[in-house]
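Reviewing the structure listed below.
The values are calculated or read from the model by the stated rules, or taken from the named source; none is laboratory data. This structure is a prediction, so every number in the text was calculated from the model and none was measured. Here the Cβ positions follow ideal geometry from the backbone for every residue, glycine too, while neighbour counts run over all protein chains shown.
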Ligand code: NDP
Ligand code: MG
């Protein structure tokens, strides 16, 4: 906290689902935060409006071609306008107490790393960062004394109940998964599903890419990899359990048989509020959990045949090296093609699987290495897309 007793906050990915929920909390607690930088990729009008509303110092648009538009929208204000990856990094590097890292996909990696290198508190929503470059990112967190607070609801839940001082007492962590809109369906019944059906998540309101990832269960696979990097546990200590009500956000099982869980309504403003206020708590205007109304909490094993992406992600974690980065890149390419109506839902896993088996899995040694792997995997995935796309 600064002496004025507010926290200076930058939101990377301010116009997205997580970014807007973050700003919703800031709006309701405006005395406790001061917004320094806000970024977006293409929603220039929304970005400018938010920058003006919150009195940001800097607004950055990822797409360089949109800089003139941003400048026009900010004319007459004192808000600086920058663009491109250099601008995103500059936003992350400006002095703040917290950075909310909520850009979607591998594009968030360099800005997030820049924030980590400042040694501040980074509220990490962008799971793809940990999936592509988990070892490198965690090394930098240690080297610069940064504090990484997981925003992803499952990891935030685990963070709240994990005994970091006595990690050897942890037997396993159990990531819960809603199962998405196609829970209980067999692979054959998923042949004709549309992007509209896939993004209609039963419990959570999220961005398009992560909604498709929830429908394929790749999201849970990425979260298994994310958990491995965030917590001091082995690869085989992470389990996935389907829990359709999304009330228990995840659990930690200890060696004495105790299982600790964090519960709440499925609203990302709870884990976001936890990250913004940590180590304190702040009010979040989320629906209070009415367990008597909910009545029953149920659980199922995941179906790795219908939801092959989960299986592929678990295998990529076991393989290690570049496999998780390749998995992530191929998935981003396949999901984009699916959303554009060029690939069938069930073929997302096929593109990911073929890309994984045709790429070199040597571990990345640097961030540029991660991007080389990412580019190579994207090219390979695009080639496989040619086989499967229509
Ligand atoms: P959205 O798609 O809603 O928002 C993404 C944000 O990133 C937008 O501000 C977007 O700008 C910006 N962006 C997109 N592409 C680029 C790029 N190439 N360079 C710079 N900025 C870019 O995503 P979500 O908010 O749903 O998710 C954000 C991250 O949080 C993801 O990694 C996701 O996995 C993770 N997450 C999300 C959850 C959720 O409930 N939504 C839950 C847990 C994790 P623009 O609007 O201009 O396109
Ligand atoms: Mg999650």
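What the table shows:
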{"read-out": "Candidates 212, 224 - the one that is surrounded by 19 or more Cβ atoms within 10 Å (Cβ to Cβ) and either within 12 Å of ligand 2 (Cβ to nearest atom) or not in a helix (DSSP H, G or I) (or both)", "value": "224"}
{"read-out": "Residue list for segment 227-250, filter: in a strand (DSSP E or B) and within 14 Å of ligand 2 (Cβ to nearest atom)", "value": "238, 240, 241, 242, 248, 249, 250"}
{"read-out": "Residue 167 being away from ligand 2 (no atom under 14 Å from the Cβ) and touching a residue at least 12 places away in the same chain (Cβ under 8 Å)", "value": "yes"}
{"read-out": "Residue 55 modelled with pLDDT of 95 or more, surrounded by 19 or more Cβ atoms within 10 Å (Cβ to Cβ) and out of contact with any helix residue (DSSP H, G or I) (no Cβ under 6 Å at 6 or more places or on another chain)", "value": "no"}
{"read-out": "Output for segment 183-209, where each listed residue is farther than 19 Å from residue 326 by Cβ and within 15 Å of ligand 2 (Cβ to nearest atom)", "value": "201, 202, 203, 204, 205, 206, 207"}
{"read-out": "Test: residue 228 is touching a strand residue (DSSP E or B) at 6+ places or on another chain (Cβ under 9 Å), touching a residue at least 24 places away in the same chain (Cβ under 8 Å) and closer than 30 Å to residue 354 by Cα", "value": "yes"}
{"read-out": "Total residues in segment 162-197, condition in a loop (DSSP other than H, G, I, E, B) and crowded, with 17+ Cβ neighbours inside 10 Å", "value": "8"}
{"read-out": "All positions within segment 1-24 that are buried (at least 21 other Cβ atoms within 10 Å of the Cβ) and in contact with a helix residue (DSSP H, G or I) (Cβ under 9 Å, 6 or more places away or on another chain)", "value": "9, 10, 11, 12, 13, 14, 15, 18, 19, 21, 22, 23"}
{"read-out": "Single residue of 154, 139, 128 found to be within 14 Å of ligand 2 (Cβ to nearest atom), part of a helix (DSSP H, G or I) and over 16 Å from residue 238 (Cα atoms)", "value": "128"}
{"read-out": "Subset tally (residues that are modelled with pLDDT under 95 and buried (at least 16 other Cβ atoms within 10 Å of the Cβ)) for segment 354-366", "value": "3"}
{"read-out": "Some residue of segment 346-358 being in contact with a helix residue (DSSP H, G or I) (Cβ under 9 Å, 6 or more places away or on another chain), touching a residue at least 12 places away in the same chain (Cβ under 8 Å) and in a loop (DSSP other than H, G, I, E, B)", "value": "yes"}
{"read-out": "Criterion violated by residue 137 - all others in (1) on the phi > 0 side of the Ramachandran plot; (2) more than 13 Å from ligand 1 (Cβ to nearest atom) satisfied", "value": "(1)"}
{"read-out": "Candidates 73, 91 - the one that is under 22 Å from residue 53 (Cβ atoms) and surrounded by 23 or more Cβ atoms within 10 Å (Cβ to Cβ)", "value": "91"}
{"read-out": "Given (1) surrounded by fewer than 24 Cβ atoms within 10 Å (Cβ to Cβ); (2) within 16 Å of ligand 1 (Cβ to nearest atom), number of the condition residue 117 does not satisfy", "value": "(2)"}
{"read-out": "From the options 337, 313, 284, 277, residue that is away from ligand 1 (no atom under 16 Å from the Cβ), buried (at least 20 other Cβ atoms within 10 Å of the Cβ), modelled with pLDDT of 95 or more and within 21 Å of the chain's Cα centre (by Cα)", "value": "337"}
